[in-house]
Structure formats: structure tokens, C-alpha cells
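A.B. asks: The following block contains the structure, expressed as C-alpha cells.
Every number here is computed from the coordinates shown, using simple stated rules; none is lab data. Please read all numbers here as calculations on a predicted model, not as lab measurements. Note that we place each Cβ from the backbone using ideal geometry, even for glycine, and neighbour counts take in every protein chain shown.
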Amino acid sequence: MLSPDQARQLRDLNERFVNAKAEEILSFFSDQYGNELAFATSLGAEDQVLTFLLSQINKDVKIFTLDTGRLFPETIDLIDKTNKLYDINISVYFPEFSRVEKMVNSKGINLFYESIENREECCHIRKIIPMKRALKGVKAWVSGLRSEQSVTRQDLSVVSWDEKFELVKINPLLNWTEAQLWDFIKTHDIPYNELHDKGYPSIGCQPCTRAVEPGEDVRGGRWWWEMPENKECGLHKRDN
């Protein structure tokens, strides 16, 4: 629970950065938190933009990703390509094999299709637990969330307190549009997941992601068998 002073500080930061450029936001928090700042990338288009910006601002910021064991090959290949291009080292965190074995052997390899509870358990083991390890010793983390992405992200703020992980969460691209995002990628020749060109605007684990039709919600291909209000894995559910 935030103290009144902390809540006021967050309000002040949001007023300061409501119309700020992503570079300005990243520079400020890089200076503010130093090695206690981390960036969690899923190698999506937004995260590739943030990786590019951080490589220009401060290469010492910890950048990490979660390999759930069910990612697309294109996502895995992009890790290596990004590391080499920007001369960085994206840390990779894996789920605990014993937890995965127990879950799969008791509920099946594709348990997530059976119920929301099963899907959330799978996400918890493959994402949430490794995320907590990755954020150990971190006081603030950068995310590539954009409010335009889905109904679950429309009331977020640039700076918030993440109760799940108990640290400050920063969304530098929160107010970017889809057009703005891709213009930036093309202008700076930023490498991106090949699946984006095949109808995948949002990319997660392979069995839980499909291509979308033109005009469909950008998150429509994630856990497509669930209702829109459920389309979060738990990492970003929910900011206050």
C-alpha cells in the first residue's frame, strides 16, 4: 500500500510526463534508479522500440525476457538478432522445470484451453514466478504497454505502483498510436518479429496466439477463446 507521500509523488510524475517523449521518460528514470531499473521485453514491436531507445540512452539498464518454453521460433531468433545489433545482452529467465512438469503431467500439455483457471495457472508458472526472480533487487520496471492495445489497458498511467511486484512501473509508450509505433520502427530500421507481417499484432506463446483479421482488435489473437476482459496473463493485471 502506498503512503500519501508516495501517491502524491506518482501524481506529480504523471503530470510531468503526461506529454513527454519516451526518450525523456527513460532518461529520467535511468538517472533516478540506476541499476535498480529494469526493462521487461517480450520482443514485441513496442518493446523493440524501447530496446532501441535504451541502447542509445544507457546500455547498462537491465533488459530481460521470459522464455516460457512455448514461444514462437521467430521470437527466439529475434533475441539473438537484437543482442548483436545493439551490442547488448538480453537476460533470459526460464520457468522452474519441476513446476512445469508437475502441471503438464497432471493437467495436460495444452491445459490452458480447458478453463481460465488452467490458463492462469500456466501463465503463473511460466511467467509470473520467473518474473519475480528477474525483478529481485529492482525498484522500477519499464513496460511497453500502450493504452490503445485493449480495453484492459485504457485507464493506465505513464507511472504507477505495481502492487503485484511491489515496485514502480513505467509505460513510456502509453500514449503512442499504432501508426506512430510503426513509423518509428521504419524510420530507425528497428528489427521486429517477422510474425507482425503475417497478421500477428500481439505475440505471446505459440499455442495461445493466432493471427487476426484486418480491423480486429490488436489483442484479439491472444487467448482468442476467452472474453476480451480476460486477455491478460497476469503480468499487467492490474495497475493502480
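A.B. asks: Straight-line reach from LYS136: which aspartates and glutamates fall under 13 Å, measuring Cα to Cα and dropping same-chain residues less than 8 apart?
C.D. replies: GLU36, GLU166
A.B. asks: Another one. Which of the GluC sites (Glu not before Pro) found in the range 66-110 are loop residues per DSSP with 14 or fewer other Cβ atoms within 10 Å of their Cβ?
C.D. replies: GLU96
A.B. asks: Let's see if you can work this out: charge +1 on each Lys and Arg Cβ, -1 on each Asp and Glu Cβ, no other charges. What is the dipole magnitude of the range 21-230 about its Cα centre, in debye to the nearest 20?
C.D. replies: 600
A.B. asks: Could you tell me which of ASN89, PRO130, PHE184 has its Cα farthest along the dipole of the chain towards the positive end, charges placed at Cβ (Lys, Arg +1; Asp, Glu -1), taken about the Cα centre?
C.D. replies: Most positive-ward Cα: PRO130.
A.B. asks: May I ask which of LYS102/LYS198; LYS62/LYS198; LYS127/LYS164; LYS21/LYS59 have a Cα-Cα span longer than 23 Å here?
C.D. replies: Where the Cα-Cα span goes over 23 Å, the pairs concerned are LYS102/LYS198; LYS62/LYS198.
A.B. asks: Multiply the residue gap between LYS107 and ASP67 by 0.36 nm, knock off their C-alpha separation, and tell me the result in nm, one decimal place.
C.D. replies: Full extension from LYS107 to ASP67 adds 12.3 nm.
A.B. asks: Ranked highest first by the average count of other Cβ atoms within 10 Å around their residues, in what order do 187-200, 127-140 fall?
C.D. replies: Per-residue Cβ counts within 10 Å, averaged per peptide and sorted highest first, yield 127-140, 187-200.
A.B. asks: Give the Rg (one decimal place) followed by the Dmax (whole number) of the chain, computed from C-alpha coordinates and expressed in Å.
C.D. replies: Gyration radius and largest Cα-Cα distance of the chain: 17.4, 50 Å.
A.B. asks: May I pose another question? What GluC sites (Glu not before Pro) in the range 102-149 are in a loop by DSSP, with at most 16 other Cβ atoms within 10 Å of the Cβ?
C.D. replies: GLU114
A.B. asks: Evaluate E = 1/(1 + (r/R0)^6) for ASP12 and LYS81, where r is the Cβ-Cβ distance and R0 equals 41 Å; express this FRET efficiency to the nearest 0.05.
C.D. replies: The pair ASP12/LYS81 has a calculated efficiency of 0.55.
A.B. asks: Over what distance in Å are the Cα centres of the range 1-19 and the range 125-204 separated?
C.D. replies: Each part reduced to its Cα centre gives a spacing of 20 Å.
A.B. asks: Separate question: What order, most packed first, do the peptides 67-73, 104-110, 47-53, 11-17 have when packing is the mean number of other Cβ atoms within 10 Å of each residue?
C.D. replies: The densest-packed peptide leads the list: 47-53, 67-73, 11-17, 104-110.
A.B. asks: With a cut-off of 20 Å, note down the residues of the range 52-80 whose backbone N falls inside the zone around a label point 7 Å from the Cα of SER91 toward its beta carbon.
C.D. replies: Correct set: 52-69, 76, 79-80.
A.B. asks: Oh, and also: Measure off 7 Å from each Cα along the Cα-to-Cβ vector at SER98 and SER55, then give the distance between these two points in nanometres to one decimal.
C.D. replies: Spacing of the two 7 Å Cα→Cβ label points: 3.9 nm.
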